[in-house]
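The structure under discussion appears below in the form of structure tokens.
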Amino acid sequence: MKTRNILLVTLAITASSVVLAQQSAPAGERPMRQRMEERIKAADANKDGKISKTEAATIQPLTEHFDEIDTNKDGFLSQDELKAAGDRMRREHGGRRGHGPHGPFGAVDANHDRVITRDEMVQHQQKMLQDFDAADANKDGKLSADEMKAFHDKMRAQRPPRGDAPPPAK
């Protein structure tokens, strides 16, 4: 019962933060996109309008996906390549206003009808508990940051590659 209450509170906080974020940001504004653009601009140390591998080292997503984003394989990320990568990320992961491909309710809304039924919530909670048990490597009933990262990395390695992205390194 305690775990169920924690899950419900977590879901409520997550849902309310999404709503508050939407309400506080002016229409059409994409704060995360703006922050990334600022980080990319700051990383361009020589101000040539391109990001080298060395300059990309300060921004983890660019470091991790540099070769994938560098579609012309010239060793630099151009504005066009960065825009194309951003567009692809939004298409694959973001959806409207940062919502995932299943709308504001994400994976909880199993039939994607934009409402959550009690059965959908129960199924989602059961899945979360299974994931919790799988992630709790030392079985102490708590998830450390290291356990969560290891579980996330394991799940990422198991999912099929998206689009033209290469499969993740094992």
Order 146-159, 53-66 from most to least packed using the mean count of other Cβ atoms within 10 Å. 53-66, 146-159
Filter the cross-link list LYS41/LYS149; LYS41/LYS83; LYS53/LYS73; LYS83/LYS154; LYS73/LYS154 down to pairs whose alpha-carbon distance in this structure exceeds 18 Å. LYS41/LYS149; LYS83/LYS154; LYS73/LYS154
Taking the Cβ of LEU143 as the centre, find all other residues whose Cβ is under 12 Å away and add up their charges (Lys, Arg: +1; Asp, Glu: -1). -3
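We did not get these values from a lab; they are worked out from the coordinates using the rules stated. This structure is a prediction, so every number in the text was calculated from the model and none was measured. Glycine gets a Cβ as well: all are built from the backbone with ideal geometry, and neighbour counts include every protein chain shown.
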